[in-house]
Each structure stands twice: as C-alpha cells, then as structure tokens.
Amino acid sequence: KSKWLKDTSKTIILIAIIVAIFIGINILVEKLNPKDIDLTKEKLYTLTEESKKIVAGLPETDKIKIYMFECEERDPIVDLAKQYSKANKNIEIELVNPEDRPDLISKYNVETGYGYFTVVVEAGEKSKILNSYDFSIVDYNTGNGVDITEQRFTNSIMGVSSKAGSNIIYSLTGHGETSITTEMTLLKTYLELENYEIKELDLLSTQNIPE
C-alpha cells in the first residue's frame with residue numbers, strides 16, 4: 001500500500017512538472033510572438049526581402065488600407081497580408097463582413113455570396129480591386145497554376161502609393177487586332193504586375209490620341 005502511494009505521488013509530481021513546463025513554453029511563445037512557419041516549398045506565404053524593402057521605403061505620409069472581403073482569419077492570404085502590416089506600420093489590414101460595410105460594397109461594387117473573395121487596396125483617392133482569380137495564373141507550358149499573391153499585393157500597394165506614376169499602355173482595337181484583355185490575358189497580367197495600366201484604344205472612333 002505504501003509503495004502504491006509512493007508511486008502515485010511520483011506520478012502526480014511528474015504530471016505537475018509537465019503541466020508547468022507546458023504553461024511556461026506557451027507564455028514564452030506568446031511573449032516572443034514568433035513568425036508563422038511557412039511549410040510551403042516555394043515559401044508562398046513569406047514576404048521576400050524585395051517586397052519588404054519596397055514596402056518599408058514608402059513615404060511616411062502614405063496611409064494604406066487593405067480591405068479583405070469574405071476572408072477569414074485562418075486563410076493563408078490573410079497571413080500574408082498581415083506581413084505587409086508588420087513591414088510598414090502605415091499599412092492596415094481589415095477583414096470586412098459585407099453586412100457590416102455596405103458603404104464599401106457600394107463604393108467598390110463588390111460582388112458577394114459566390115464563394116469568392118475580394119481585396120481592395122486603398123490610399124486616399126487611389127484604389128486597386130483584386131478578385132480571387134487575380135492571385136494566380138496558368139503556366140501554359142505545364143498547365144499548372146502559379147501563385148502570384150505576393151506580386152499582386154506588392155504592386156497594388158505601390159500602385160496606390162504617392163510614389164506611383166501614370167504608366168498606361170494602350171492596346172489598339174478596331175482593325176481586327178488580337179485583344180489584350182480577352183486573348184492575351186497572360187501578357188496583360190505580367191504588365192499589370194509591373195504597375196502598368198492597360199487600356200484599349202480604337203483609333204477609328206477616338207478624336208484625340210492620348211499624350
């Protein structure tokens with residue numbers, strides 16, 4: 001009987017030590033606030049040094065909001081967006097419940113309820129609207145999808161900043177040309193990732209050629 005009590009006491013002490021260690025580790029981790037571990041092979045949800053440098057170099061006067069419609073806290077794209085906020089305190093992330101912000105739904109003509117999400121990057125009067133399908137492209141050589149989430153975020157942030165210029169590429173129409181918006185979508189995507197705005201121009205109907 002005494003042996004049983006002795007063994008039980010040891011077990012209780014051992015359990016108490018394990019619980020104390022567990023609590024101590026959790027308190028330490030909470031204080032350190034370590035970065036999330038990105039287990040993807042291509043590090044899809046870790047900001048590159050290039051993006052960090054670009055974002056950190058934005059003017060102090062730039063106040064940028066990233067509205068994320070119908071996204072949840074656990075979504076990987078939300079984790080990536082938050083890294084921009086860590087890289088620059090003037091970038092604020094807001095997860096938007098469409099029912100709570102009808103003003104934003106109306107302002108940016110956001111469609112909801114179709115299983116897709118929308119991201120709006122805004123700074124003052126400038127804004128970039130991104131839909132679910134804007135964050136990936138298809139590699140026509142392999143047929144596989146390519147994630148371009150970081151490129152989209154970085155270039156959208158740059159596009160609404162005060163440092164952004166007016167870079168417009170006009171695609172001619174009206175003479176049977178290949179449409180850049182419907183038939184050359186990959187080229188259009190790459191140009192947009194370089195912060196060019198793509199517009200179509202019909203020389204037969206326009207009176208003035210843009211400068």
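The values are calculated or read from the model by the stated rules, or taken from the named source; none is laboratory data. Note that this is a predicted model, so its numbers are computed, not measured. Counting neighbours? That spans all protein chains shown, and the Cβs are built from the backbone with ideal geometry, glycine included. For the accessible areas, the whole protein counts, side chains as well, though only heavy atoms, and no ligand, DNA or RNA atoms are used. Shrake-Rupley method; radii C 1.70, N 1.55, O 1.52, S 1.80 Å.
For Ile180, the stated conditions do not hold, so it cannot be described as open to solvent by 80 Å² or more (accessible area, probe 1.4 Å), aliphatic (A, V, I, L, M) and free of Cβ contacts under 8 Å to residues at least 60 places away in the same chain. Note on the range 148-188: residues that are basic (Lys, Arg) and part of a strand (DSSP E or B) amount to 0. Residues in the range 160-173 that are modelled with pLDDT under 90 and of a type outside the set (S, T, N, Q) were compared, and the one that is least open to solvent (accessible area, probe 1.4 Å) is Ala164. Scanning the range 111-133 for residues that are within 11 Å of the chain's Cα centre (by Cα) and surrounded by 18 or more Cβ atoms within 10 Å (Cβ to Cβ), we see that the one that is nearest to Thr185 (Cα to Cα) is Leu130. Per the conditions (1) in contact with a helix residue (DSSP H, G or I) (Cβ under 7 Å, 6 or more places away or on another chain); (2) within 23 Å of Val55 (Cα to Cα); (3) modelled with pLDDT of 90 or more, the sole criterion not satisfied by Asn195 is (3).
Scanning the range 50-95 for residues that are in a strand (DSSP E or B) and closer than 16 Å to Ser156 by Cβ yields Ile64, Lys65, Ile66, Tyr67, Met68, Phe69, Ile91, Glu92, Ile93, Glu94.
The condition of being open to solvent by 50 Å² or more (accessible area, probe 1.4 Å), β-branched (Val, Ile, Thr), closer than 22 Å to Leu193 by Cβ and out of contact with any Pro (no Cβ under 7 Å at 6 or more places or on another chain) holds for only one of Val78, Val138, that being Val138.
Considering only residues that are surrounded by 15 or more Cβ atoms within 10 Å (Cβ to Cβ) and not hydroxyl-bearing (Ser, Thr, Tyr), which ones fall in the range 185-201? Lys188, Leu191, Glu192, Leu193, Asn195, Ile198, Leu201 - these are the residues of the range 185-201 that are surrounded by 15 or more Cβ atoms within 10 Å (Cβ to Cβ) and not hydroxyl-bearing (Ser, Thr, Tyr). Determine whether the range 85-100 contains at least one residue that is at pLDDT 90 or above, of a type outside the set (A, V, I, L, M), surrounded by fewer than 18 Cβ atoms within 10 Å (Cβ to Cβ) and touching a helix residue (DSSP H, G or I) at 6+ places or on another chain (Cβ under 8 Å). Checked the range 85-100: at least one residue is at pLDDT 90 or above, of a type outside the set (A, V, I, L, M), surrounded by fewer than 18 Cβ atoms within 10 Å (Cβ to Cβ) and touching a helix residue (DSSP H, G or I) at 6+ places or on another chain (Cβ under 8 Å).
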